[in-house]
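To keep things clear, I will list the structure first and then write my remarks on it.
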Amino acid sequence: MTDTKINDINLVDSAEAHDYILPSYLNYSMYVILNRSLPNLMDGLKPVQRRILYAMNELKLDSNAKFKKSARTVGDTLGKYHPHGDSACYEAMVAMAQPFTTHHTLIDGQGNWGSVDDPKSFAAMRYTESKMSLYTNSLLDEIKEDTIDWVPNFDGSMKEPVVLPAKLPNILINGVTGIAVGMATDVPPFNLEEVVSACSAYLKNQKITDEEIVSNFGVPDFPSGGVVTDSIEKIHDVYMKGTGSISLRGTYELDGNMVFITSLPYRVVQKNVLVKISDTVKKYKLPVLDVIDDSDTDNPVRIGLEIKGGESVQLEVLEVLFSKVGIEQNIKVNMNLIGLNGAPEVKSIPVIVREWCKGRQITFVRKKNYRLRIVNARIHIIDGLLVAFYNLDRVIQIVRESDNPKQDLMDEFGLSEIQSQSILEIKLRQLAKLEQLTLENELSDLSKERDELTELLSCDKKIKKEVRGEIVAAGKLYKKDRLTIHKEMQPIVLNDVAFVNKKEDVTILVSGNFWLKQFKGHTIPDASLTFKTPDCDLMSKFETTSAESLCFMSKQGKFFTIPISKFPKGKASEFPATTQITLEANDSLFYSFEFRNNEESLLFVTSKGNGFITPMANVESKVTKGKQVLVVTKEDVPLTPLIITNETELALTTKLGRLVILDVRDLNVSNRSQGTKLVDIKTNEYINKEDCVLSCVALKKDQTLVVYSGKKKFVLDSFKRDKYRISRARRGVYFENSKNNLMASLG
């Protein structure tokens, strides 16, 4: 094989590559979104789950059947409907069988199907056996009644269902998680009775408000149990938006000097918690004498902690553990589903309830129409059979003497081909008088049923009433006691401070060269507000506690968090911040602030006019090399970030004398970004140092803005700021026709 030089290779034209790659990637993305990762609103299942259950249904593995090897189900699923990896398919099957993962399990299993201690410890599919659970009947009972649409399988050799005809909103009852391309879904599970109550209320009154629908729901009902600690108002707000998070905490019991953790948050692995507890006890010097795994079949989660001290000490230790080892979690909510229109969309709970009920009505009508067709077909046959009974002698004569009895019967009695064929298939013993009476009674019953079905299908009100009755009946059949309780509590927020160190007031001094100095208390003599180190002038003073942390931002947009508890001890000791962190050679610190993990956010603006917002919690870094939050592009320079809470406006001033006021809600929120354009700074003007952003101020509408143009000072209230309010990425207007450097501050 001869060597080929890179210059001899004919590279594909970039435009052609773009034209090829873009539709290919979009097709792949849509396949992953619609056919692999996101659930359908109507049955709450992702495709692999639906195909597994349908394959089990075809194998007649219902709840009354004998167990069959799981490998048989996986084989049928892969060979007929889901041409993907067997391990991924089996894992999806396992999740549907684990009661600590799925509240209303869809599969009953025999053998080792994993445990709370290690959900991935399940046996191979050749060892386990399975069948469908009783609850799965609610998904598959009506599948043969023309209730759903069918599509060809991957090789076109057979059909598979688009969705399953669920009698209950499984999407809310069991919840679901999934990651697609560019989107994900996280629907928490809810209590079945509450879901049924909401659907029943909507079907009873179509004019019900969103708030009234949501009022039927309490907190989510996780199969792991636990305590939801958020306020019901916050939880209902998440339900109304379809996105957000819900705080879930494990439960515990106090028994003398022992504390037993009896449940963990949803999807938290017990063996990982045990490891983290041991590490945390050592790191924070907790007075824990022993950690015992007391879990068994009756108590899947029971972690015992022997704690030295009284109840108050036990509760303090638990607070540290809740915060540090995952016994308290924020459960993400992102109800991104494939709706009736076949498109993915984030939906609120009221929208899900309304849309599911609408889809269920469609399924119900299809089911009743299917039954009506069967009834009419049977009536048609009985009508023909009764003609034969009423004219029995003539029918026998035609059958005995005719060369084409089917056609002659049709001609003489005006029968259809189906009726004539049914007459010819009558056995001699069915010609008894009793059989005629049976047919007449059956005809009477079927005629009555036909009239009832016709009347039902012509009345929308009756359809809704019947659907409501079916949902309520199914709800009673499959209901379970609630596992997750609600108790409103404040979230636990702890810093990296040893348990033995009591929180005390301290004052931290920061110099312009980012040397640090610590004093006890908040009353510091003026003479102490200096540094022994040469060229160190006081820049910032923080009156805080030993339990807090300081945060530092570098010119390259990295953030470093240093717990005050890690500051060197000693009387008036001074040390550079760089001894606690790792800075890159071309980077340096330029801003410091007290880190507070609360509702505050940081607003970034650069001299090029870019910016975005990030939550305060996002800038916390637990590693010495820091965390990249602001991506600083070439020649750009970050301005001092603004700490904001409920500020509504951002005022920017430029070197050429423009004042730009933006609505804070128009800014992007991100965990890491170079920012989007806030004000239009021309590239050539920026490179030539003619224009840039000089200052930025965040303010509320009722606050006044002070602008300095040269030596002039202007005070602008909300009304005077109207002319400078523009949309993001615009050029803006000159302030008072001035082209001087502008600086802004709060009044």
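Derivation of every value follows stated rules applied to the coordinates shown; laboratory data play no part. Please read all numbers here as calculations on a predicted model, not as lab measurements. Please note: Cβ atoms are built from the backbone with ideal geometry, for glycine as well, and neighbour counts cover all protein chains shown.
Descriptive notes on the structure:
- In the chain, the longest principal axis of the Cα atoms and the axis of helix 349-390 are about 10 degrees apart.
- Placing dummy labels 7 Å off each Cα toward the beta-carbon, the span from S588 to D290 is 5.8 nm.
- Here V259, V196, V275 are placed in order of increasing Cβ neighbour count within 10 Å, fewest first, which gives V275, V259, V196.
- For the pair Y390 and E306 in one chain, pulling the backbone fully straight at 0.36 nm per residue adds 21.3 nm over the alpha carbon distance.
- Alpha-carbon radius of gyration plus Dmax, which is the widest Cα pair, for the range 596-747 in Å: 15.4, 49
- For the pair V669 and H486, label points projected 7 Å from Cα toward Cβ lie 2.3 nm apart.
- Length gained on full extension, E543 to K358: 60.7 nm, using 0.36 nm per residue less the C-alpha separation.
- Compared with the dominant Cα axis of the chain, that is its longest principal axis, helix 392-401 is turned about 80°.
- On Cα atoms only, tilt of 433-457 relative to the major axis of the chain in degrees: 30
- Taking amide H atoms as placed 1.01 Å from N in the peptide plane, the amide H of E574 has no partner under 5 Å among residues 5 or more positions away or on other chains.
- 16 Å cut-off, amide nitrogen to a point 7 angstrom out along T683 Cα→Cβ, residues in the range 635-658: 635-636
- Shown is the FRET efficiency for I426 and Q206, computed with R0 = 45 Å from the Cβ-Cβ distance and rounded to the nearest 0.05: 0.35.
- A simple spin-label model places the labels of E599 and N330 1.4 nm from each other, with each point 7 Å out along Cα-to-Cβ.
- Helical runs assigned H by DSSP (4 residues or longer) give the chain a calculated mean residue ellipticity at 222 nm of -10000 deg cm²/dmol, each run adding -39500 (n - 2.57) before division by the residue total.
- Sorted fewest first by neighbouring Cβ atoms within 10 angstrom, I349, I246, I426 come out as I426, I246, I349.
- FRET efficiency for V346 and A527, using Cβ-Cβ distance with R0 set to 45 Å, rounded to 0.05: 0.15
- Extension gain, E690 to E233, is 159.4 nm, computed as 0.36 nm per intervening residue step minus the present C-alpha separation.
- If R0 is taken as 22 Å, the Cβ-Cβ distance between L437 and N376 corresponds to a FRET efficiency of 0.50.
- Relative pair counts by distance (%), Cα atoms of the range 251-326, 5 Å bins: 3, 16, 31, 29, 15, 5, 1
- Ordered by the number of other Cβ atoms lying within 10 Å of each residue's own Cβ, fewest first, T105, T243 fall into the sequence T243, T105.
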